[in-house]
Amino acid sequence: MRNAIALGDGFVVTTDNSGGIGEKPHDVVAVSDKVTAYFAARVALLEQWAAHADPVSVLIHNFSGEESWARYEAGVKDVFRESNLGLPEISGSSETNMQLMQSAVAVTMIGKQRLVEEVDELEWYVYGTPLVGNEVLERRGEIASLRLMKEAMDSGLIRKIWPVGSQGILAEYRKLIGNPHIEIETDVDIRTSAGPSTSVLVGINAHNSKRAHQLFGGPLYKINENDSFRNEL
């Protein structure tokens with residue numbers, strides 16, 4: 001598993017948070033609370049999928065004031081609607097005693113792992129463009145689609161996923177394969193931040209490459225390992 005914590009009996013927990021992003025005057029990035037929660041929930045859901053799990057419960061940790069709760073909840077619901085998933089119970093708490101200068105929220109998901117068939121050889125691709133800050137709002141058409149990923153997982157087209165965050169594609173690929181020295185090449189920046197997992201590493205059987213390009217369209221980039229720099233552990 002990537003950033004999921006195993007709780008036993010097949011249950012896993014994932015989480016993501018945002019600070020200084022929202023509707024308060026001192027926020028660094030001005031965006032609706034609904035959008036802020038959407039992207040936090042998106043990351044937590046992708047981490048669930050990386051662990052071969054689906055959420056059964058969601059917790060919202062709201063530090064922005066009671067008036068933000070409904071907007072945060074709406075953002076979380078949008079993630080499940082887009083992914084064609086049933087909406088689990090949503091609970092959590094709001095900080096009402098202290099007024100913070102900037103927005104802050106975290107979304108935590110508890111999920112149940114599903115049985116999956118072990119897969120040997122996969123080709124790895126980057127799906128979605130790495131974006132951060134206002135780029136996420138201005139270039140949403142380049143963000144990896146939750147709906148398409150869920151469709152591809154359900155059909156067996158995608159066998160594994162690995163979300164990319166602030167450390168970038170190269171760092172996440174090295175974690176994925178367990179080699180901190182390997183170098184890769186692809187048609188997108190491998191060192192820049194992907195913010196709220198606007199890019200995702202997807203493992204696809206080689207014979208499904210054409211189907212994958214047909215489904216995902218433009219922002220799908222093949223990862224090639226650079227053998228001249230490879231240093232096996």
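Some points to look at:
- Residue tally, condition hydrophobic (A, V, I, L, M, F, W, C), more than 15 Å from Tyr125 (Cβ to Cβ) and buried (at least 19 other Cβ atoms within 10 Å of the Cβ), over region 152-181: 0
- Positions within region 124-151 being crowded, with 17+ Cβ neighbours inside 10 Å and more than 23 Å from Asn3 (Cβ to Cβ), in sequence order: Glu142
Per-residue answers, yes or no, for (1) at pLDDT below 95; (2) over 11 Å from the mean Cα position of the chain (by Cα); (3) within 19 Å of Leu137 (Cβ to Cβ):
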| site | (1), (2), (3) |
| --- | --- |
| Arg42 | no, no, yes |
| Gln48 | no, no, no |
| Ile60 | no, yes, no |
| Ala70 | no, yes, no |
| Phe80 | no, yes, no |
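- Qualifying residue in region 110-133 (condition: in contact with a Leu (Cβ under 8 Å, 6 or more places away or on another chain) and assigned to a loop (DSSP other than H, G, I, E, B)): no
- Members of region 162-179 found to be modelled with pLDDT of 95 or more, assigned to a helix (DSSP H, G or I) and aliphatic (A, V, I, L, M), listed by number: Ile169, Leu170, Ala171
The values are calculated or read from the model by the stated rules, or taken from the named source; none is laboratory data. Not measured: the values here are computed from a predicted model. Cβ: placed from backbone, ideal geometry, glycine included. Neighbour counts: every protein chain shown.
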